[in-house]
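Beneath this line is the structure, given in structure tokens, with notes to follow.
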């Protein structure tokens, strides 16, 4: 299949050359059966197949599962230029702590190339674009070569590729940049790489996250062949932000909301929810869960008798909502969007098969404090998310007068501790040494570790940070953790 | 932590040596930061640290994520013997299709060892023990060396390690074997390895699977610090077998069953379920789901109106049962056991958050035809699973007179096709060429691929085959599959 497509492209390459990424077969008996390769196409056929040397096998990457690393280095001659062609990670072994035993560019430099091309599928995280620019620019400076960096754009389930291809001259100046989150093409004269061309491109964290999630939702639905989503709208900030993002990704008329108030819901839960639907012009239904809750109470009474109400009853409400959303999904073919945020996914402040249900988690890699910033960003050209949703204290509304702050520390503290543990991979002692309360740190880290079992069964999460829950963070359910 | 434990063991090694597996730090800047190592302890301290060379990174294995492969080879001298010490996979690059570029035993043989030790954490699958014996025996013959093979016993979430350590003499004869699924110790004279000692050990596939699952359940609960399980008992063979296995693993009094009949349940569903509880002497409750079902119907009526009943209504029943099981779990602290089999998990014949819920899947790596054999094996010393459960035609009982065979082919055909696709990793054309109906093969493979999204959110599955759903089989939710 890949070969067919490559030959088709090759045929069109007459006065032009193209570089296409695809696997290729390792003819040797020893080693893995495939290489991760770049095909150099020109004059109607495949001229060179260059293999990737550095195979990332960490976080979301599993390349050594499938591919054999390259150990032979070859320069490509084309139209009087010698090209050093590498693939993504090949340029990235530049940290203080080197991960590999060979440096492909060092090897290629022995053959005196005139320019370097790197083709990449480098996934988005909100701070990765900046690092990426530094890496390409550092390489250009180090090797005194112009670099043409071409990055993939589009999303594949949880991974979002943001594009942002660039051309860097031999001095390390970025002279051309392509936009993030959209396909684009560029023609330029390789003998004149001095004029820096200004590109209007924001590196604002929240704007990047916003655009990444919109692309992530849109491509997930498109590639699965689905068009419509449904979500539970609680009156809280998470579902409001998820709805606004989904409406931007799929079109307002393709996102349906279900409001599912209970005996513990406050009036503003419904009125705030109605207001965002009105602001967006999106459809909704209201399904009260009290009758279903009572029927479960009756069914369970012979077992539960007069035991005090607690977690079981709270989860029951969340699961009834999950059942209703899934029933809607089964009946009308809408994919359920999960609206959990990263803070609650981290500490297990959510109900498995209840509010943790859904086909795709929209903001599961966004900490609660950033969800607020996303809401403000969404409102920048006019109110979409009602101000009251942004300002009222967060509550799961599963018991009378419940507030998130009853069981969790304030989010700005919680999120900081979580960030140090998850993204920065610091241990408890290091985090305590930063000045956080010891008992609090231990309690939060214990919750994170304890709730691996819940995250094991959660939906794919759109990845916007450099350490998201899912394939990039594999922790055992049964484990002895430091404390 | 590991260092502490190793030093503690080392101190006790006075007139004896011990080999202990643990990670060790790679002091070089280049490469990964850890080695996967074997510590050779003698005379009160660590004498040698031998690193693993071949790092499996396929199926359930991810070793190159964490470890640097060894490239230096060293023989250990102890009490006048020269020992070639290797770790697990180091002996396994023996297939026609070599996966690695170096062979550790070939390297070690240059230093003329007298005997070889291999420490392993080689996970169970029902045909792996036989392959393992062949591999150790072939190595012994090839290198004309006695081999001491020591394998881990115990389960870690989905992985079950079956032990079965063995000693093989230089002619390749297995002269001593340790039991499967239990800890054991053995002393023998290394200068007299000719006498073959008979061990009573069955290699019967169903008995191995049975014992593996019992160990898997028991260690999962023990290591999590839980003692009690709950499951939904439907009257079908899957939940009956799961209950019997759980009762053997956790003790009869620690497994509670909930019978949840509906308007579509046949009389024998309840009576057969009661009979197995009676046979085992285990506790149960009966919770009728009709009232809850009706309340959901009423709640959803404004949306569903007079649309014909279908999948949404069937899933609703399964999800109500899931909610009840989870409520019980939350209230009483029992872990919910998932009772889905591999055939239905493969084709998506199950309801997400309904019968697919639970903390651990007991028989999710056992095809339906093997579930029947497990039932018969469980009954071998007297009826535990009522004969009627084994002989009646399987049904999900989610609509009147439903049979599995309404929507699926007979299980002996389905399971064969699934086995070729999943375990043997054959493509559609290869399977059709074996003589199966083309339309049927394509339909089944399409169902397997389509349902990745459901399996993404399922519980850990005890692995008993060489290709189980879960970490060992990573397929994209969004993918272009061959058809």
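Calculate, for residue B:222 and residue B:475, the FRET efficiency according to 1/(1 + (r/R0)^6) with r their C-beta to C-beta distance and R0 35 Å; round to the nearest 0.05. Don't skip to the answer; put the middle values down first.
Working: r = 32 Å, r/R0 = 0.90.
The pair residue B:222/residue B:475 has a calculated efficiency of 0.65.
Residue separation times 0.36 nm, minus the C-alpha to C-alpha distance between residue B:171 and residue B:34: what's the value? Spell out each step's value before the answer.
Numbers: separation 137, 0.36 × 137 = 49.32 nm, distance 3.61 nm.
This chain segment gains 45.7 nm when fully extended.
If you take the square roots of the eigenvalues of the alpha-carbon gyration tensor of the protein assembly as shown and sort them as a ≥ b ≥ c, do you get rounded (a/c under 1.5), prolate (a/b over b/c) or oblate? If you can, show how the numbers build up before the last one.
Details: a/c = 1.60, a/b = 1.05, b/c = 1.53.
Oblate shape, in that a/c is at least 1.5 and b/c is the bigger or equal ratio.
Using a label point 7 angstrom from Cα along Cα-to-C-beta, what distances in nm, from shortest up, separate residue A:481 from the other copies?
Result, one decimal in nm: 3.5.
How much FRET efficiency would the formula 1/(1 + (r/R0)^6) give for residue B:49 and residue B:285, where r is the Cβ-Cβ distance and R0 is 51 Å, rounded to 0.05?
Calculated value: 0.40.
So, R0 is 45 Å and r is the distance between the beta-carbons of residue A:72 and residue A:138; what FRET efficiency does that work out to, to 0.05? Mind dumping the intermediate values first?
Working: r = 25 Å, r/R0 = 0.56.
Once rounded, the FRET efficiency stands at 0.95.
What share of the DSSP beta bridges in region B:86-222 is antiparallel, in percent to the nearest 5? Can you show the working numbers first?
Working: 12 of 19 bridges.
Percent antiparallel among DSSP bridges in region B:86-222 is about 65.
What nm distances, shortest first, do you get from the label point of residue B:252 to those in the other copies when the point sits 7 angstrom along Cα to Cβ?
Those separations, rounded to one decimal, come out as 6.5 nm.
If you take every DSSP beta bridge fully contained in region A:1-149, what fraction is antiparallel? Give it as a percent rounded to 5. Intermediate values should be presented prior to the final figure.
Numbers: 17 of 26 bridges.
Within region A:1-149, antiparallel bridges account for around 65 percent of the total.
Hey, for residue B:30 with labels 7 Å out along Cα-Cβ, what do the inter-copy distances come to in nm, ordered shortest first?
Output for residue B:30: 1.7 nm, nearest copy listed first.
Take every Cα pair under 8 Å in chain A that's 6+ residues apart, average their separations, divide by the length, and report that relative contact order as a whole percent.
Values: 880 pairs, mean separation 52.9, N = 483.
Relative CO of chain A lands at 11 percent.
Can you give me the C-alpha center-to-center distance between region B:260-289 and region B:317-385, rounded to a whole angstrom?
15 Å
Tell me what chain B gives for mean residue ellipticity at 222 nm when only DSSP H runs of n ≥ 4 count, each as -39,500 (n - 2.57), the sum divided by the residue total, rounded to 500 deg cm²/dmol. Can you show the working numbers first?
Values: 17 runs with 184 residues, N = 483.
Value at 222 nm, helices only: -11500 deg cm²/dmol.
Which value in nm describes the separation of the simple spin-label points at residue B:98 and residue B:263, placed 7 Å from the Cα toward the beta carbon?
6.8 nm
Evaluate the distance, in nm, between pseudo-label points positioned 7 Å from the Cα of residue B:271 and of residue A:307 along their respective Cα→Cβ axes.
It is 3.2 nm.
How big is the gap, in Å, between the Cα center of region A:407-450 and the Cα center of region A:137-170?
Measuring centre to centre over Cα atoms gives 34 Å.
Report, for the protein assembly as shown, the % of DSSP beta bridges that are antiparallel, rounded to 5. Mind showing how you got there, number by number?
Details: 60 of 106 bridges.
If I count the DSSP bridges inside the protein assembly as shown, around 55 percent turn out antiparallel.
Explain nothing, just the number: relative contact order of region B:341-483, from Cα pairs under 8 Å at least 6 residues apart, as a whole percent. Mind dumping the intermediate values first?
Details: 142 pairs, mean separation 48.8, N = 143.
For region B:341-483, the relative contact order is 34 percent.
Rounded to two decimals, what is Rg over Rh for region B:226-287 when you use alpha-carbon atoms and the Kirkwood radius? Don't skip to the answer; put the middle values down first.
Working: Rg = 10.9 Å, Rh = 11.4 Å.
Radius of gyration relative to Kirkwood radius: 0.96.
Each reported figure results from applying straightforward, stated rules to the coordinates on display, with no laboratory input. Remember, predicted model here, so these are calculated numbers, not experimental data. Positions of Cβ are generated from backbone atoms using ideal geometry, with glycine treated the same way; all protein chains shown enter the neighbour counts.
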